[in-house]
Amino acid sequence: SRRREKARAIADAFQRKCATPMVKLQKLAEAMADEMHAGLSLNGGSKLKMLVSYVDNLPTGDEKGLFYALDLGGTNFRVMRVVLGGQEERVVKQESVEVSIPPHVMTATSDELFDFIAQALKIFVDTEGEDMRLSPGRQRELGFTFSFPVNQTSISSGNLIKWTKGFSIDDTVGQDVVAHLTKAMERFGVDMRVAALVNDTIGTLAGGRYNNPAVIAAVILGTGTNAAYVERANAIPKMQGVVPKSGEMVINMEYDKALDIESLNPGDQIFEKVISGMYLGEILRRVLLKMAEEAALFGDVVPPKLMSPFILRTPVMSAVHHDTSPDLTVVGSKLKEVFEISNTSLETRELIVELCDTIATRGARLSAAGIFGILKKVGRDTVQKGDEKKSVIALDGGLFEHYAKFRDCLKATLTELLGDEVSESVTIELSNDGSGIGAALLAASHSQYS
Ligand code: ADP
Ligand code: MG
């Protein structure tokens, strides 16, 4: 029928737009490496922020004692404590609680947000066991994972550049988030010092390195996308006056609003927008809406719910994509659940699965190209004769962890980009929850007592 042909034509055009041939991925990786270079040369020199983290020593395994971590960066925040036992005993004990942030707190005032956090921290600290006592006179220390763009001013201070991910509190922007947290802790009588302020990528890098000394970078593929990696200090011209003893410095790349995928189409195909969990489901909704409007895919009336931005979440898209039932019953039930659409033909449901594949494949392949770009920048995209160096990338985030087809495609594409020989020396490791432990580890390595 004409409708069917029209829908097919829209799908074909969309697929052409999403195509990611090898040449394009290679170009993207090169552009990424170039942008990294530029961002390290001077502030504002690139679409990548390349923020200096002040983390110049990653965990070694020698860390000992009781440390806290706080992870704020999404709809939940977590507080955690760990007892570290050094090389022999490693992580002796680990406890944590997760608290969801009420939407009104995400858009309230700084004091309301940080009071909410400090209160939860207070309740958690009060449950500290007898086996977790600090030495007398010693203050508790905390690693604060704060996953929003921050201009770091020292290892334990930094000014918020802007809120993202649904947070919107004007009076915090430009201010030191550690000062805010510290004041709130004082208001609630929590005796604790923030020893390290880090981003989730840096926490993941620290946690990953603790488990595997070959970890050189961390990538988050969750609601948002970001990466951090270890750079040589002398490759960071903009880092004036800071001389790390280790000769290395962790850089938070801050992809946010970064590379246009096609320079021909600036501002449209933003890297983060076509690979992050926050957007993949939304891209699918938009294509379905177009098909509903222009090809009457769901009948003469466009289903009203299809017009609601962000109503289709990426986990739902993933469930649709992974539907293996012969008549695609999961696709059918999700359409009903999310859009109140019923009675679709099998052909329509197949088309929808195909669109999921197009969207996820593009995101995964571009993510792989981004990782390849980082490897290029640090010279791990080739193997020298006699060089047995292994490179491990620590990966975290719900998208990578739970979206199997996305994850598999990312890995396969990275192998394709590196070639068989080099890919032998490069591994991607799921660093599930590395960031919580990582922040506690960084608190330990930046302790006022060490
Ligand atoms: P954050 O990035 O906010 O720290 P997570 O790392 O936990 O959060 O990732 C959550 C994101 O992962 C969700 O926003 C969603 O986009 C994605 N996600 C979670 N579960 C799935 C799933 N089953 N399939 C696909 N994506 C998922
Ligand atoms: Mg996270």
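The values are calculated or read from the model by the stated rules, or taken from the named source; none is laboratory data. Owing to the predicted nature of the structure, the values given are computational and were not obtained by experimental measurement. We place every Cβ from the backbone using ideal geometry, glycine too, and count neighbours over all the protein chains shown.
Give the residue, chosen from Tyr68, Tyr54, that is more than 16 Å from ligand 1 (Cβ to nearest atom), buried (at least 21 other Cβ atoms within 10 Å of the Cβ) and at positive phi. I'd like the intermediate steps shown before the answer.
Working: Tyr68 fails: at positive phi.
Only one candidate passes the filter, namely Tyr54.
For Leu399, state whether it is in a helix (DSSP H, G or I) and modelled with pLDDT of 95 or more.
On the way: in a helix (DSSP H, G or I): yes; modelled with pLDDT of 95 or more: yes.
Yes.
Is one or more of the residues making up the range 76-99 aromatic (Phe, Trp, Tyr), at pLDDT 95 or above and not assigned by TED's automatic domain parsing to the domain that holds Ile251?
No: the range 76-99 contains no residue that is aromatic (Phe, Trp, Tyr), at pLDDT 95 or above and not assigned by TED's automatic domain parsing to the domain that holds Ile251.
Could you tell me how many of the residues in the range 319-338 are closer than 21 Å to Gly277 by Cα and without any contact (Cβ under 8 Å) to a residue 40 or more places away in the chain?
From the range 319-338, those closer than 21 Å to Gly277 by Cα are 319-323, 330-331, 334-335, 337-338; that's our starting set.
Of the ones still in play, those that are also without any contact (Cβ under 8 Å) to a residue 40 or more places away in the chain are 319-320, 323, 330-331, 334-335, 337-338.
Count: 9.
Scan (1) small (Gly, Ala, Ser); (2) at pLDDT 95 or above; (3) on the phi < 0 side of the Ramachandran plot for the single condition Gly174 breaks and write down its number.
(3)
Scan the range 116-139 and tell me whether some residue there is touching a His at 6+ places or on another chain (Cβ under 6 Å) and not in a loop (DSSP other than H, G, I, E, B). Full working, then the answer.
Just the residues of the range 116-139 that are touching a His at 6+ places or on another chain (Cβ under 6 Å), to begin with: none.
No: zero hits.
Gln448 fails exactly one of the following numbered conditions: (1) free of Cβ contacts under 8 Å to residues at least 60 places away in the same chain; (2) part of a loop (DSSP other than H, G, I, E, B); (3) touching a strand residue (DSSP E or B) at 6+ places or on another chain (Cβ under 9 Å). What is the number of that condition?
(1)
I need a count of the residues in the range 58-74 that are under 16 Å from Lys93 (Cβ atoms) and either part of a loop (DSSP other than H, G, I, E, B) or within 16 Å of ligand 2 (Cβ to nearest atom) (or both). Lay out the reasoning, then the answer.
Restricting attention to the range 58-74, the residues satisfying the condition of being under 16 Å from Lys93 (Cβ atoms) are 63-69.
Filter once more, so that each one left must be either part of a loop (DSSP other than H, G, I, E, B) or within 16 Å of ligand 2 (Cβ to nearest atom) (or both): 63, 69.
Of the residues in the range 58-74, 2 are under 16 Å from Lys93 (Cβ atoms) and either part of a loop (DSSP other than H, G, I, E, B) or within 16 Å of ligand 2 (Cβ to nearest atom) (or both).
Give the range 207-243 a look and list any residue that's away from ligand 1 (no atom under 16 Å from the Cβ) and part of a helix (DSSP H, G or I), or say none.
Restricting attention to the range 207-243, the residues satisfying the condition of being away from ligand 1 (no atom under 16 Å from the Cβ) are 209-217, 229-243.
Across the range 207-243, the qualifying residues are Arg209, Tyr210, Asn211, Ala233, Asn234, Ala235.
Please state which one of Ser325, Ser333 is among the hydroxyl-bearing types (Ser, Thr, Tyr), in a helix (DSSP H, G or I) and either over 29 Å from the mean Cα position of the chain (by Cα) or within 16 Å of ligand 1 (Cβ to nearest atom) (or both).
On the way: Ser325 fails: in a helix (DSSP H, G or I).
The conditions single out Ser333.
If you check Lys305 against the conditions, is it in a helix (DSSP H, G or I), at pLDDT below 95, in the same structural domain as Lys47 (by TED's automatic domain parsing) and surrounded by fewer than 22 Cβ atoms within 10 Å (Cβ to Cβ)? So that I can check it myself, show each step before the final result.
On the way: in a helix (DSSP H, G or I): yes; at pLDDT below 95: no; in the same structural domain as Lys47 (by TED's automatic domain parsing): yes; surrounded by fewer than 22 Cβ atoms within 10 Å (Cβ to Cβ): yes.
Criteria not met by Lys305.
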